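*Asks:* One structure follows; several queries about it will come next.
The values are calculated or read from the model by the stated rules, or taken from the named source; none is laboratory data. Treat the numbers as computed from the prediction; the structure is a model and nothing was measured. Here the Cβ is made from the backbone with ideal geometry for all residues, glycine too, and neighbour counts use every protein chain on show. Quick note on the areas: whole protein, heavy atoms, side chains included, nothing else; ligands and nucleic acids left out. Shrake-Rupley method; radii C 1.70, N 1.55, O 1.52, S 1.80 Å.
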Amino acid sequence: AQLEFESRVELVRRGGRDAALSALPHAVLQQNLTLAISQRLSQIEAVRLGVFEIDPGELDRATQDFASSLAPLQLPQFLAINEISMGEFERLLRRDLQADKYLTSRARLRAPVGDAQVEAYLAAHPESGGAQATRAVRDAVRDDLTQARNTALVQTELRRLFAKSKVRIVDPGFAQADLPLRPASAGD
């Protein structure tokens with residue numbers, strides 16, 4: 001029940017308002033199990049390091065954003081349907097916000113994508129305009145390369161946290177849920 005609730009919250013936060021009340025497929029729950037574990041591990045690391053506390057204003061904004069994403073369903077109705085208290089909901093949001101801040105900070109610690117990387121990409125992809133690419137194309141390429149690099153850095157950090165914590169999912173129905181984040185040495 002907790003995984004279903006957390007999955008619903010995550011999907012609604014990302015724009016999937018229909019997830020508030022509809023049945024969730026097993027594959028979605030499996031994917032969200034990995035996300036929930038990742039968020040817990042990231043929050044634990046943030047707390048261990050003493051960073052990224054969530055202030056009441058941030059939590060209020062996140063709660064209001066979530067409530068508006070539910071419309072026409074009201075937040076108290078959503079919580080009652082899922083048999084979750086407002087305190088439990090706020091703890092979940094706080095964890096998610098703190099985990100997001102921690103992972104974002106880990107990705108941003110690296111140097112930004114430089115002009116040389118953009119030029120190398122353009123040279124390797126002449127359909128993008130090559131050396132004649134406009135400033136807008138170069139900016140879009142830089143954004144795409146930055147996003148790809150940040151995603152890879154977040155995945156690396158999550159693998160490190162999974163390995164450090166020795167996470168194992170023992171429910172046969174979710175046996176492969178952590179596969180993308182298992183360290184290579186886990187014997188896959």
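*Asks:* Taking only pairs six or more apart or across chains, which ones have beta-carbon atoms under 7 Å, a first residue in segment 96-122 that is farther than 15 Å from Asp144 by Cβ and touching a residue at least 12 places away in the same chain (Cβ under 8 Å), and a second residue that is aromatic (Phe, Trp, Tyr) and open to solvent by less than 80 Å² (accessible area, probe 1.4 Å)?
*Replies:* Gln98/Phe52; Lys101/Phe52; Tyr102/Phe52
*Asks:* What are the residues in segment 74-127 that are in contact with a Lys or Arg (Cβ under 9 Å, 6 or more places away or on another chain), open to solvent by less than 30 Å² (accessible area, probe 1.4 Å) and assigned to a helix (DSSP H, G or I), if any?
*Replies:* Within segment 74-127, Phe78, Leu93, Arg95, Asp96, Ala99, Ala107, Val118, Leu122 qualify.
*Asks:* So, one more: For Thr63, are the conditions met, namely being at pLDDT 95 or above, surrounded by 11 or more Cβ atoms within 10 Å (Cβ to Cβ), of a type in the set (Val, Ile, Thr) and outside any loop (DSSP other than H, G, I, E, B)? Break it down into steps so the answer makes sense when it comes.
*Replies:* Details: at pLDDT 95 or above: yes; surrounded by 11 or more Cβ atoms within 10 Å (Cβ to Cβ): yes; of a type in the set (Val, Ile, Thr): yes; outside any loop (DSSP other than H, G, I, E, B): yes.
When the stated conditions are applied, Thr63 passes them.
*Asks:* On to the next question. How about segment 4-30: which of its residues are open to solvent by 40 Å² or more (accessible area, probe 1.4 Å) and of a type in the set (A, V, I, L, M)? Walk me through it before giving the result.
*Replies:* If we filter segment 4-30 for residues that are open to solvent by 40 Å² or more (accessible area, probe 1.4 Å), which is where we start, we get 4, 11, 13-15, 17-18, 21-23, 25-27, 30.
Scanning segment 4-30 gives Leu11, Leu21, Ala23, Ala27.
*Asks:* Restricting to segment 128-146, count the residues that are closer than 29 Å to Thr104 by Cβ and part of a helix (DSSP H, G or I).
*Replies:* Count: 13.
*Asks:* Please indicate, with yes or no, whether at least one residue in segment 40-60 is open to solvent by less than 80 Å² (accessible area, probe 1.4 Å), touching a Lys or Arg at 6+ places or on another chain (Cβ under 8 Å) and aromatic (Phe, Trp, Tyr).
*Replies:* Taking every residue of segment 40-60 in turn, at least one turns out to be open to solvent by less than 80 Å² (accessible area, probe 1.4 Å), touching a Lys or Arg at 6+ places or on another chain (Cβ under 8 Å) and aromatic (Phe, Trp, Tyr).
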